[in-house]
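Colleague: I have a structure I would like to understand better, so I am pasting it below and will then ask my questions one at a time.
Each value in this text was obtained by applying a stated rule to the coordinates, not by laboratory testing. Every value quoted in this text rests on a predicted model; they were computed, and no experiment measured them. For neighbour counting, all protein chains shown are included, and Cβ atoms are generated from backbone atoms with ideal geometry for every residue, glycine included.
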Amino acid sequence: MLLRRFGQAAALLGLLLLEVQAIALSLVMLLLSFGLGMVFLYSPQVQLVRRMAELNRRLVGRWTGVHIESPYLPEPPPPVPQSDGMYRSDRTLYKSPRIPAWNNRWKWLVSDPATWRDTIWLVLEPLVKLALLPVFVVLPERGLRVYALWSDMLLRPTAASRLASQVSHLKRTRNLAADSQAAEMRRIERDLHDGTQARLVAIGMTLGAVEQLVDDDPAAAKALLSKARDASSETLTELRRVIRGIHPPVLAERGLADAVRALAIDSPLQVTVDVDLPHRPEAPVEAAVYFAVSELLSNAARHGDAQTATVDLSTNGPHLRVTVTDDGMGGADPAKGSGLSGIERRLAAFDGVLALNSPAGGPTTVTMELPRVLPDHWAGSLPRLPRWKAAIVILLWATAWCPTFPQGLVAGIFKTFGIEEKTWFLALYMPEPWQWPVILGMISLGLCMHILAIWIPSNHNRDLWFARATPIKPWC
């Protein structure tokens with residue numbers, strides 16, 4: 001284990017050769033791009049730096065377990081032509097989409113904060129590795145951890161990139177929700193047109209015939225009235241079915257658990273329902289889960305030739321999990337129009353995921369999970385940082401600047417250029433052989449203090465924080 005850590009630390013130090021070359025090439029490309037107007041070099045420069053940063057993220061995640069997400073803003077969509085076939089970029093129109101696409105890409109790269117943070121990380125990378133060299137040699141595992149914290153500090157997603165990703169995701173889910181709503185409206189319209197409306201028209205025609213026969217043939221008029229009464233009863237039943245398809249009264253009055261139990265009673269299958277829901281979810285969540293379960297039970301009866309089914313409703317912290325299992329013949333596939341794609345669209349509005357296991361011959365198991373849809377008090381709340389930890393963090397932020405900059409970086413500049421003025425720089429009062437070690441030690445101390453000031457709050461109650469912040473991924 002120790003030898004492996006030494007090898008990993010040596011590999012990180014060996015990357016300095018590649019990083020120094022990347023720094024030199026990157027700075028030259030930046031100078032040519034912004035200084036001499038060779039802007040076509042800027043995109044390759046950004047790609048070079050990003051590849052170095054992505055390599056670092058992969059190595060840190062593989063060797064230390066600190067997963068650093070990609071922080072970059074989403075790429076701009078391709079230009080869309082206007083009604084006249086022209087492409088607009090700001091106030092200029094173009095016949096071809098190439099220049100607008102290039103302009104959009106340029107703005108995307110320049111405006112992304114992660115672009116400049118990657119560049120700062122790459123420039124400071126050799127200095128940080130040299131400062132951690134003694135730790136890598138004496139305590140390689142501890143050195144790798146500190147290095148991972150440094151990488152995470154500069155290479156993790158920024159607030160802007162997280163917000164942009166959330167906005168992009170919200171746009172996709174909004175479109176899916178709109179498509180699902182439009183499909184529901186078309187279904188309701190079709191049910192009303194083909195069922196209720198046709199029956200009402202027939203009743204109207206029957207009453208018209210009764211009006212003509214009531215004087216000449218009262219017996220025939222009574223017979224038609226009887227048919228009209230039966231038709232009105234059937235129409236009322238049909239209308240109630242449509243209303244239940246929009247939002248069942250039992251769901252609004254009794255909640256998700258009793259609504260699913262009512263589904264089980266009305267289902268032609270022998271359905272067992274297990275519920276572990278201490279409180280009711282929000283009404284839109286209840287509706288989405290109810291109709292998903294209803295669709296799955298209907299599919300099992302109509303297409304799966306099932307006899308029994310099991311519905312399990314449970315919670316996992318703030319997440320709602322629903323599992324529907326039937327003993328049908330299996331082979332369910334969302335691409336075959338079995339209604340699963342509609343369920344996925346319905347769940348997507350809540351960031352829900354659906355996992356399907358339906359081998360040929362059965363059984364079929366569908367697991368749905370809706371993340372963070374339950375009230376906050378179900379999962380508890382994040383405790384506040386203890387006062388002693390808060391005091392340490394404040395003290396670190398208040399003092400870390402001193403060893404990092406004046407006693408470290410500024411003293412190093414004075415030493416490099418041979419400035420005789422010593423002022424209050426501690427290292428310059430030391431004997432000549434000790435000056436550089438003290439300078440590097442001060443810089444290392446300051447960096448460690450900054451890293452600790454960031455690490456203590458972020459690591460506080462880490463498991464619960466990840467439970468609320470990490471998206472749920474589907475099972476395989």
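Colleague: Using amide H atoms built 1.01 Å from N in the peptide plane, name the residues 5+ places from Thr308, or on other chains, whose amide H lies under 5 Å from its own.
Modeller: Result for Thr308 returns Gln270, Asp327.
Colleague: What share of all Cα pairs of segment 254-379, in percent, falls into each consecutive 10 Å distance bin?
Modeller: 14, 48, 32, 7, 0
Colleague: Using the Kyte-Doolittle scale, find the helices of the chain whose mean hydropathy is at least 1.0 and whose Cα atoms extend 24 Å or more along the helix's long axis, counting only whole DSSP H runs.
Modeller: Counting only whole DSSP H runs, the qualifying helices are 2-35.
Colleague: Taking H as built 1.01 Å from N, whose amide H comes closer than 5 Å to the amide H of Ser89, not counting residues under 5 places away?
Modeller: For Ser89, whose amide H was placed from the backbone, the distant partners under 5 Å are Tyr94.
Colleague: For every other residue with a beta carbon closer than 14 angstrom to the beta carbon of Lys415, add +1 if it is Lys or Arg and -1 if Asp or Glu, then tell me the sum.
Modeller: -2
Colleague: Here is a follow-up. Add -39500 (n - 2.57) for each DSSP H run of 4 or more in the chain, then divide by its residues: what number comes out at 222 nm, to the nearest 500 deg cm²/dmol?
Modeller: -21000 deg cm²/dmol
Colleague: Can you run phi through the Karplus equation (6.51, -1.76, 1.60; θ = phi - 60°) for segment 89-95 and list ³J(HN,Hα) in whole Hz, with x for Gly and Pro?
Modeller: 9, 6, 9, 10, 9, 10, 7
Colleague: Out of all DSSP beta bridges in segment 244-353, what portion is antiparallel? Express it as a percent rounded to 5.
Modeller: For segment 244-353, the DSSP antiparallel bridge percentage is about 55.
Colleague: Let me ask something else. Students often forget the sequence filter, so: which aspartates and glutamates lie under 20 Å Cα-Cα from Lys222 once same-chain residues fewer than 8 apart are removed?
Modeller: Within reach: Glu211, Asp230, Glu234.
Colleague: What longest range of the chain stays clear of loop-exposed chymotrypsin sites (Phe, Trp or Tyr not before Pro) (DSSP non-H/G/I/E/B, at most 14 other C-beta within 10 angstrom)?
Modeller: Segment 1-416 is the longest.
Colleague: Where does the longest stretch of the chain lie that holds no GluC sites (Glu not before Pro) found in a DSSP loop with 11 or fewer other Cβ atoms within 10 Å?
Modeller: Free of exposed loop sites, the longest segment is 1-419.
Colleague: Of all the stretches in the chain, which is the longest one without any exposed loop site, taking trypsin sites (Lys or Arg not before Pro) in a DSSP loop (any state but H, G, I, E, B) with at most 13 other Cβ atoms within 10 Å?
Modeller: Longest site-free region, per DSSP loop and neighbour criteria: 96-383.
Colleague: May I pose another question? With no solvent and one point per C-alpha, what does the Debye sum give as log10 I(q)/I(0) for segment 387-460 at q = 0.20, 0.23 Å⁻¹?
Modeller: Debye output, listed in q order: -0.76, -0.90.
Colleague: If amide H atoms are built 1.01 Å from N in the plane of the peptide, which residues on other chains or at least 5 residues away come under 5 Å of the amide H of Asn316?
Modeller: Those lying under 5 Å, H to H, from Asn316 are Arg321.
Colleague: I've got another one for you. Could you compute the net charge surrounding Pro268? Neighbours are other residues with a C-beta less than 15 Å from the C-beta of Pro268; K and R count +1, D and E count -1.
Modeller: Net charge in that neighbourhood comes out at -4.
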